[in-house]
Amino acid sequence: MSGAGAPVRIGRLGLYAFLVGMALFFAIPLLIVISTSLKSLDEIRDFSIFVPPSSPDFAAWWKAWYAACTGLNCGGVHVGFWNSVRILIPSVTLSVLAGALNGYALSHWRVPGADFILLALLLGAFIPYQVILYPLVKITSTIGIYSSLPGIIAVHILFGLPVMTLLFRNFYTGLPDELLKAARVDGAGFWRIFVSVMLPLSVNILIVATILQTTGIWNDYLLGLIFAGRENQPMTVQLNAIATTSTGEIEYNVNMAAALLTALPPLLVYFASGRFFVRGITAGAVKG
Amino acid sequence: MRIRNLAAKTVLTPTVLVMLVCFYGCAIWTAYLSVTRSALLPNYQFVGLVQYVRLFSTPRWNVAWSNMFLFGVLDILGTLGLGTLLAVLLDRQVRLEGGFRTIFLYPLSISFIVTGLTWQWVLSPTIGIQNFVRELGWSDFVFDWIVRPDRAIYTLVFAGVWHQTGLIMAIMLAGLRGIDRDIWRATRVEAIPPWRVYLRIVLPMLRPLLVTCIVLIAIAVVRSYDLVVAMTGYASDLPGKFVVDFAFERANIGQASAAAAVMLGSVLTVLAPYLYLELSRRDR
Amino acid sequence: MSGVVVRGLAKSYGPVRALRGIDLVVEPGDFAVLLGPSGCGKSTLLSAIAGLDDIDAGSIEIGGAEVTQREPSERGIAMVFQSYALYPTMTVRRNLSFGLRVRSVPKPEIERRVAWVSELLQIGGMLDRKPSQLSGGQRQRVAIGRALVQHAKVFLLDEPLSNLDAKLRTEMRVELKRLHQSLGATIIYVTHDQIEAMTLATRIAVMRAGMIEQYATPDVLYEQPATLFVAGFVGSPGMNFLSGSIARGPVPVARIETDTIPLDGYPLCSSSDDGREIIFGIRPEHVSLADHGTRGALIEADTLFIEPMGADTLGWFQYGSQRISARLPPQRARGLSGKVRLSLDIGQVSLFDPITEQRL
């Protein structure tokens, strides 16, 4: 690619400069939170947040984990952490499984009204929680699972159904149906084909689905606030309670440490998953 | 043949039932509540559009409602503009493209609560930017939007754009990568400068994708709750928060349902033309 | 009208040498075809001439000017891509004129050229439609139109007919030949279809594995292929290849199976030794059924099977341990079986060295 020389160079330089500037815009808030969480309260008071800590110290993190106060009790966010874990594992497993089965059933088997079901799912994926919040509260309390662990898990599965089903369905329709036909000629039925043929081919999409659900459920706030019950409040709810308690002096370092601890699990998943994460979020958009 | 499909139907039945009851049934329930006399407790007496009239005469709702449009438009313009720009730049074969992508996308992996709190701290007059600039010497510098009720909504835009630009960038980049490479080669032969290629050829080709992006962000704006709670509390208000507050704290089911129905209406207004276009495009 | 001169062009993709020292001279007004199987480097060569890909070594001249360092838009070329690459969101008219508008060609001139091209290619009725509303053949003509409108010195076409169905392909072949004759443009054309090459080209460069095996007119390529590969690639049904050896004597002869075939008239170089192994190549149309009294090279073979091909029939025969095919008139081929005598037209024979694959 021969040269137009100087103008191209300057253009390239400008491009990189802009990208680096943008990268700073995205990175700096997080860096500020990290750096402030490592400072002492005096340091925070006396210096601006853009100044790095003079002697980084994890004391605030310790306090956030074990002793931060939510106004009612001072158990630290580790309580919320374990609650979130207990909510996460069943919810993710069951919603991914349900999505896979549903997607599989809708993709290669003749089901009456399949198009209608798909449209209903698509619409359902967009319904804001607030629209069905109150009725859902009524239903779950009638069944007896309101404000409990089973309740929040059920709600997460419910809200995960449309997206998960559509995700798997789009994936499975992309697989050649000769595979299925060959298996049926061999005598395999619905379940056999799912377990022996479909699942082994689904590793990638299972990873994508798991990442999508894990991120969504871990980061959820509203549903956890309403349906989980006082003993099962997820980490995000605890975090907000800690950060917005305004009794006495605000311990910014502790609050920020708590925020980081809450953000850490999905961030780690993100950094570890790379391309799968991107596939997950774009699948939501390019699903058409 | 028919017996085999029984398994598929059995598997789908719980989902279909749950969808019907919980999603659609409950939505209809809420819509019905919005035309009843419900206040503290549900009261199934039909009263027409009284709740809606009351809703739109409530100052708090009107603020929330107009905030939603303000926030929505700015958020869409911001995320779409910045996201597309970043996608275009990264499409130019940049070194360390992976690194840049990782940085632009990571906010999407954290909770809106964390995003909201982070920006609340960064924009806080006491410890954030205002404080920083004052420490540098400009002791009269003021940037307290986040605590001013009339400006707080704009601060939400910062956080919203920071959080969601990565999504738009990822989607648009995928679209750009899907463009036939021969089109690029043809433009090189015809001496068309790259910026013109993007503006006149490539981005128009991606119009459907842009529309998808707008729909996604718009719906996220309508649903916003976590971000408002974490960032500004009561200083700014959005319909998403209004509904929850009125349903649980203020305990006025009628008003909450009316507000929720309005939210649903907004979502459908955005969604209906989009779905219609998508489906008719696919049939062609 | 300009020519293209390529000297010593080389290009590698990592360890793969896509082009190895290519030399090519295209005279002004020539229709040069780059022919070869996939992977031979023909598209790479075209891209290199266009300037779309960098090269590792060598030089390119277009119209007498050295263009090796220049961008595609500065080389005076126009290109038609296999996928046509029409701008989908623009009408045909804008597709044709976009490049000209970018180069600030004055409006009346743009309109003149668009009108000329629409007339020439019969696309006047489609000017306000978008590419998605056109058929494959129509899109192809628009793509050609876009190239013509540039008034370039040299036109590069990359397998433009491969996306069309067979009937359309034949029609477009005729169109292209007509265009070339009326415009007298210099064209470099890439294809893997040897029939296309033979009908369209003034000169053909047969390529294999990054090198040009032979660059000659279609007649020469057909009658005097320079290598075994060219002999086998050009011409359908393919040339027969028989193994044998040479024996010198008063008249040089070829020893194939148990027969001795005189080679009078064949321009053998004197360095060919006695007993040398050769490959004896003869095309099916130069093998015929011997009647009584036919003189010349005669062999005996067993009928294997008959392939009716419409105007002709291809007969396959077992000749010793080898097979040979002959083009036969259908009436004589019907019911043919058992031993037959075949006559070989020695004037049309090609001999090759089995190891170097070069023509002897």
### Message
To make sure I understand, if each residue's beta carbon is the centre and we count other beta carbons within 10 Å, what order do A:SER91, A:SER54 fall in, fewest to most?
### Response
A:SER54, A:SER91
### Query
In degrees, nearest 10, range 0 to 90: what is the angle between the Cα axis of helix C:92-102 and the longest Cα principal axis of chain C?
70
### Query
What does the charge dipole of segment B:10-131 about its Cα centre add up to, to the nearest 20 debye, if the Cβ of each Lys and Arg holds +1 and the Cβ of each Asp and Glu holds -1?
180
### Set of lysines with alpha-carbon distance to B:LYS241 below 30 Å, sequence-local pairs under 8 removed
A:LYS138, A:LYS287
#### Entry: Efficiency of FRET between C:ARG323 and C:LEU289 - r from beta-carbon atoms, R0 22 angstrom, step 0.05
0.85
### Query
Per the helix-only calculation at 222 nm, which mean residue ellipticity applies to chain C, given -39500 (n - 2.57) for every DSSP H run of n ≥ 4 and division by its residues, nearest 500 deg cm²/dmol?
-7000 deg cm²/dmol
#### Entry: Simple spin-label estimate for C:ARG341 and B:LEU277 in nanometres, 7 Å along Cα-Cβ
8.2
### Task
Only Lys, Arg, Asp and Glu count, each charged at its Cβ (+1, +1, -1, -1), so figure out the dipole size of the protein assembly as shown about its Cα centre, rounded to 20 debye.
1980
### Query
By how many degrees, 0 to 90 and rounded to 10, does the Cα axis of helix C:166-183 deviate from the longest principal axis of chain C?
70
### Contact order relative to length of segment C:105-221, as percent, for alpha carbon pairs under 8 angstrom and 6 or more apart
17
### Task
In nm, give the distance between the simple-model label positions of A:LEU199 and B:TYR154, each being 7 Å from the Cα along the Cα-to-Cβ direction.
5.6
### chain A - mean residue ellipticity at 222 nm from DSSP helices (-39,500 (n - 2.57) per run, n ≥ 4, rounded to 500)
-23500 deg cm²/dmol
### Task
Apply the membrane-span-like helix rule to chain B: whole DSSP H runs, Cα extent along the own long axis of at least 27 Å, mean Kyte-Doolittle hydropathy at least 1.0. List the helices found.
B:59-90, B:152-177
### Task
Just tell me which lysines come within less than 27 Å, Cα to Cα, of A:LYS63; anything on the same chain fewer than 8 places away is out.
A:LYS39
### Query
Over what distance in Å are the Cα centres of segment B:22-91 and segment A:195-244 separated?
25
### Query
Using alpha-carbon pairs under 8 Å, 6+ residues apart, how would you state the relative contact order of chain A in percent?
29
### Query
Is the shape of chain B rounded, prolate or oblate, going by the alpha carbon gyration tensor and its root eigenvalues a ≥ b ≥ c, with a/c under 1.5 for rounded and a/b larger than b/c for prolate?
oblate
### Summary
Checking B:TRP145, B:TRP195, B:TRP29 against a Gaussian network model of chain B (alpha-carbon springs below 10 Å), the top fluctuating residue turns out to be B:TRP195
### Task
Work out the charge dipole of the protein assembly as shown with +1 on the Cβ of Lys and Arg and -1 on the Cβ of Asp and Glu about the Cα centre, then indicate which of C:LEU179, A:LEU179, B:LEU277 is farthest towards its positive end.
B:LEU277
### Message
Considering only C-alpha atoms, what is the centroid distance from segment C:11-57 to segment A:97-156, in Å?
### Response
59
### Task
Might you report the magnitude of the Cβ-based charge dipole of segment B:53-189 about its Cα centre, with Lys and Arg at +1 and Asp and Glu at -1, to the nearest 20 debye?
280
### Query
Which listed residue (A:LEU13, A:LEU24, A:ILE34) has the Cα farthest towards the positive end of the charge dipole for segment A:6-57, taking +1 on Lys and Arg C-beta and -1 on Asp and Glu C-beta about the Cα centre?
A:LEU13
#### Entry: Gap separating the Cα centres of segment B:211-284 and segment C:219-244, nearest whole Å
73
### Query
With labels modelled as points extended 7 Å from the Cα through the Cβ direction, what inter-label distance (nm, one decimal) is found for B:VAL211 paired with C:ASP219?
6.0
### Summary
Highest GNM mean-square fluctuation among A:ARG169, A:ARG45, A:ARG230, for chain A with Cα springs under 10 Å, belongs to A:ARG45
### Residue pairs, from the table A:LYS181/C:LYS167; C:LYS11/C:LYS130; C:LYS107/C:LYS130, whose Cα atoms sit over 26 Å apart
A:LYS181/C:LYS167; C:LYS11/C:LYS130
### Query
222 nm [θ] for chain B, helices only, -39500 (n - 2.57) per DSSP H run of 4+, per residue, to 500?
-22000 deg cm²/dmol
### Query
With the contact rule set at Cα under 8 Å and sequence spacing of 6 or more, what percent relative contact order holds for segment C:39-109?
19
### Task
Specify the angular offset, from 0 to 90 degrees and rounded to the nearest 10, of the alpha carbon long axis of helix A:252-273 from the longest principal axis of the alpha carbons in chain A.
30
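Values quoted throughout were computed directly from the atomic coordinates according to the rules given, and no laboratory measurement underlies them. Please read these numbers as outputs of a predicted model, since none were measured by experiment. Every residue, glycine as well, gets a Cβ built from its backbone with ideal geometry; the counts of neighbours run over all protein chains shown.
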